[in-house]
Structures are given as C-alpha cells and as structure tokens.
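FYI, it's all coordinate maths here, none of it is from the lab. What you see is a predicted model; the values in this text were computed from it and never measured. Here the Cβ positions follow ideal geometry from the backbone for every residue, glycine too, while neighbour counts run over all protein chains shown.
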Amino acid sequence: MRLARVSGTVVSTFNSPIFDGQRLLLCDYLNPDGELAGGYVIAVDVVSAGPGETVLILDEGTGARQIMGVSGGPIRAMVVGIVEEVAVDRS
Amino acid sequence: MHLGRVIGTVVATEKTPNLEGIKFLIVQPLSRDGEPAGKPVVAADAVAMAGPGEMIYFVGSREAAQAMPETFVPIDHAIVGIVDQLHVEPLPKSKRKAKE
C-alpha cells in the first residue's frame, strides 16, 4: 500500500459499470514524512475520505475486486483507510 | 488509474484474432494538473464514447483486459471513463519538487 493525500475528485458519467455510483478521488502520493513523493492515482473511495486527508491507497486488482465483492472489472486503486498518525523510526 | 487525453486513433486490421472489434485510441497521459506527462500509449476504448480531445481516465496491466467484454484479451491499457469534471487542489508551490 501507499500513503497519499486526497487532492481532488473526478466526476464522470460515462464509465465502465464498476465505477457507477463510486466516488473517484485524485490522490497525490506521500512519503512517510508527509512530503509529496511524486506521482498520483485516481482511486475509488470506500471510506469516505475528505479533501486534504492522508489516506491508505491499495493499488492491486485482486484485492480491489475482493473489496468490491466482484470477480471481474477494471479496478485497481482504492482508498482503503484514513490515516490518523504516521510515526517513522529515525534511530 | 490516471488521467489522459485522447489525441488520435489507431486502425490495425492485421492483428492477433482476439483483438478483433476493439477500438484503439492514442492517449496522452496527463499529470494530476491535466498537463501532458509521459509518453502517449495506445489504449483500447472500453467505454466506446471517448472522442478526440476528451479528458479520460485509463487503467493499465491486467485491469485493462478486465475492462473489455471478453476479459481474456491481450490488452494492456484501456480507457475506463470520460472525465466530466476535475476538481483538484493545486500543489503548494514550495512542495512541488518530485516530477509527476
């Protein structure tokens, strides 16, 4: 998984059926220290993450389909958690 | 899954049989700000609605094949949606260091 910040939303009416009614969030990847890591992803939100929040991104199809409860479909990236705290061991 | 813009079409009649009937479009990947970023790819149009110039979002690897009606096909990029609206916070100036 990866850490990311919710930076925006993608609104779409014409899309593959699996995305119907789903909330698409544009998330910028973060380093553990909260800095931008470079790169972004559009992920299906299943935890109602809000703008600016730090989130957990899963970017793997089998896991994503498992969460959606489907056996097929073009889904990979999902927002699967809202992060309260990141503690990095600097020793 | 990332943003892209349709910049062209590809016609290939001579191809592996299981690519029959699939419409191919040229997609310019976009950064999170909607700017061109990276090299164009040829993507299957799984939504069959994407026209030239439109902003879309596309998926890669196995999930691209999963977007097609027949999922056991040799497809590695597929357009899975057309962007109606994109609302995104601009990156803070000071933190804009890593290249998207």
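Yes/no per residue for (1) in contact with a strand residue (DSSP E or B) (Cβ under 7 Å, 6 or more places away or on another chain); (2) among the β-branched types (Val, Ile, Thr); (3) more than 7 Å from chain B (Cβ to nearest Cβ); (4) closer than 23 Å to B:PRO29 by Cβ:
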{"position": "A:PHE19", "(1), (2), (3), (4)": "yes, no, no, yes"}
{"position": "A:VAL47", "(1), (2), (3), (4)": "yes, yes, yes, no"}
{"position": "A:GLY52", "(1), (2), (3), (4)": "yes, no, yes, no"}
{"position": "A:LEU56", "(1), (2), (3), (4)": "yes, no, yes, no"}
{"position": "A:THR62", "(1), (2), (3), (4)": "no, yes, yes, no"}
{"position": "A:ARG65", "(1), (2), (3), (4)": "no, no, yes, no"}
{"position": "A:ALA87", "(1), (2), (3), (4)": "no, no, yes, no"}
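Specify the residue that is surrounded by the fewest Cβ atoms within 10 Å (Cβ to Cβ); the eligible residues are those in region A:20-55 that are of a type in the set (A, V, I, L, M, F, W, C) and in contact with a Phe, Trp or Tyr (Cβ under 9 Å, 6 or more places away or on another chain). Can you show your working first?
To start, the set of residues in region A:20-55 that are of a type in the set (A, V, I, L, M, F, W, C) comprises A:24-27, A:30, A:36-37, A:41-44, A:46-47, A:49, A:55.
With in contact with a Phe, Trp or Tyr (Cβ under 9 Å, 6 or more places away or on another chain) added as a condition, the list becomes A:24, A:26-27, A:36-37, A:41-42, A:44.
Working: A:LEU24: 22, A:LEU26: 25, A:CYS27: 26, A:LEU36: 20, A:ALA37: 16, A:VAL41: 20, A:ILE42: 26, A:VAL44: 21.
The residue in question is A:ALA37.
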Exercise for review: Return yes or no: is B:MET68 in contact (Cβ under 8 Å) with a residue 24 or more places away in the chain, at the interface with chain A (Cβ under 7 Å from one of its Cβ atoms), aliphatic (A, V, I, L, M) and out of contact with any Lys or Arg (no Cβ under 9 Å at 6 or more places or on another chain)?
Suggested key: no
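With the structure loaded, tell me whether B:GLY53 is exposed (fewer than 14 other Cβ atoms within 10 Å of the Cβ), touching a residue at least 24 places away in the same chain (Cβ under 8 Å) and not hydroxyl-bearing (Ser, Thr, Tyr) or whether it fails that test. Even if it seems obvious, please write down each step before you answer.
Details: exposed (fewer than 14 other Cβ atoms within 10 Å of the Cβ): yes; touching a residue at least 24 places away in the same chain (Cβ under 8 Å): yes; not hydroxyl-bearing (Ser, Thr, Tyr): yes.
Yes; evaluated as a whole, the condition is true for this residue.
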Study note, to complete from the structure: Cβ pairs under 7 Å, 6+ apart or interchain, first in region A:27-41 and at the interface with another protein chain (Cβ under 7 Å from one of its Cβ atoms), second of a type in the set (Asp, Glu), ordered by first then second residue, are A:LEU36/A:ASP28; A:GLY38/B:GLU100; A:GLY39/B:GLU100; A:TYR40/A:ASP28; A:TYR40/B:GLU100; A:VAL41/A:ASP59
**Study point:** Test result for B:GLU35, away from every other protein chain (no Cβ under 14 Å) and among the acidic types (Asp, Glu)
**Key:** no
